[in-house]
Amino acid sequence: RRILNSLSSAFGRMIFGAGFIHGDPHPGNIFVGEGGSVSLIDCGQFKALPRMQRVQLAKLILQVDEYQKAEGSEAEEAKRKLAGLIRDFGVKFMPEYEKDDDLGAAVALFLFGDSDRALPGGFSTSELDDKSPIKLISSFPQSFVLLGRATVLLKGIAKRLEVPFSLAERWSKGCKLTVSAASSP
């Protein structure tokens, strides 16, 4: 649990603080130190995130957190907003699914949501499943690939360790700071 917390904190600081994404987050590039501290090495593959893209990402992740806490009609509105934010980030879907809010929300939740929560629209949380929302994406920004690698690693570790885990919840403080800083002169 400490390693997972350290890793998610490191990625959160990297993305929302320093403004880049480590592009090769595999176990060989992660050193685990005393007390569960982590060090990420081999930053040869990375993507800088411009401020506006970090702000968009922060808003998207905060909306994932809001969706996960919403109930009833509030959940429907939160899902609609979430789908709009994923599209605004530059994710495009297969033509017949362009306006499918369940799909848009499912992609955002797949990447940043609680790993134990069912996805809207009956989509699968397994990226290899025929009902994976990832299979209906037609294009996305390059930074999304690297971001996806990091989130899949973190959520995979949590699932393997059977630890309840939500990146949206874990990164919400950094996301709020990013959005707040963007609105300050």
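The values are calculated or read from the model by the stated rules, or taken from the named source; none is laboratory data. Since we're looking at a predicted model, the values are computed, not measured. For neighbour counting, all protein chains shown are included, and Cβ atoms are generated from backbone atoms with ideal geometry for every residue, glycine included. Calculation scope for accessible area: heavy atoms of the full protein, side chains included, ligands and nucleic acids excluded. Shrake-Rupley method; radii C 1.70, N 1.55, O 1.52, S 1.80 Å.
Relative contact order of segment 90-152, please, whole-number percent, based on alpha carbon pairs below 8 angstrom and at least 6 residues apart.
The normalised contact order for segment 90-152 reaches 40 percent.
For VAL38, what residues show an amide H to amide H distance below 5 Å, using hydrogens built from the backbone and excluding near sequence neighbours?
The answer is GLY33.
In degrees from 0 to 90, rounded to the nearest 10, what is the angle of the helix 51-69 Cα long axis to the longest principal axis of the chain?
70 degrees
Just to confirm the number: angle between the C-alpha axis of helix 73-88 and the first principal axis of the chain, 0 to 90 degrees, nearest 10?
Taking the Cα atoms of the chain, the angle to 73-88 is about 70 degrees.
Fully extended, how many nm does the chain gain between ASP24 and LYS131 (0.36 nm per residue separation, minus their Cα-Cα distance)?
Between ASP24 and LYS131, full extension yields an extra 35.9 nm.
Apply the Kirkwood formula to segment 46-150: the hydrodynamic radius equals the inverse of the mean of 1/r over all pairs of different alpha-carbon atoms; give it in Å with one decimal.
By the Kirkwood definition, the hydrodynamic radius is 13.8 Å.
If I compute P(r) over Cα pairs in 5 Å bins from 0, in percent from the structure I just sent, which labelled value in (1) 1, 8, 17, 21, 21, 17, 10, 4, 1, 0, 0; (2) 1, 7, 12, 16, 19, 20, 14, 7, 2, 0, 0; (3) 1, 8, 13, 14, 14, 12, 11, 9, 7, 5, 3, 2, 1, 0, 0 lines up?
Correct label is (1).
About the Cα centre of the chain, how large is the charge dipole given +1 on each Lys and Arg Cβ and -1 on each Asp and Glu Cβ? Please answer in debye to the nearest 20.
Using only the charged Cβ atoms, the result is roughly 620 debye.
Using the Karplus curve 6.51 cos²θ - 1.76 cosθ + 1.60 with θ = phi - 60°, what ³J(HN,Hα) values do you get for each residue of segment 34-41, in whole Hz, with x for Gly and Pro?
Karplus-based 3J(HN,Hα) across segment 34-41 equals 4, x, x, 5, 10, 10, 9, 10 Hz.
Looking at the chain as a GNM with Cα springs under 10 Å, which of ALA108, ALA70, ALA78 has the largest mean-square fluctuation?
Taking springs between Cα atoms under 10 Å, the residue moving most is ALA70.
In Å², and per residue, what accessible area does the chain have when probed at 1.4 Å with the other protein chains present?
Normalised by residue count, the accessible surface of the chain is 52 Å².
From the backbone phi of segment 163-176, what are the Karplus-calculated ³J(HN,Hα) couplings (6.51 cos²θ - 1.76 cosθ + 1.60, θ = phi - 60°) in whole Hz, Gly and Pro given as x?
Those phi angles translate into 10, x, 7, 9, 4, 4, 5, 5, 9, 4, 4, x, 5, 4 Hz.
For the chain, give the percent of accessible area contributed by carbon and sulfur heavy atoms, probe 1.4 Å, rounded to a whole number.
Carbon and sulfur together cover 52 percent of it.
Given Cα pairs under 8 Å that are at least 6 residues apart, what percent is the relative contact order of segment 1-60?
Relative contact order comes out at 37 percent.
Out of residues 5 or more away from PHE165 or on other chains, whose amide H comes under 5 Å of its own, with H placed 1.01 Å from N in the peptide plane?
Correct list: SER115, ASP116.
If amide hydrogens are placed 1.01 Å from N in the peptide plane, which non-local residues have theirs closer than 5 Å to the one on PHE46?
For PHE46, whose amide H was placed from the backbone, the distant partners under 5 Å are GLY23.
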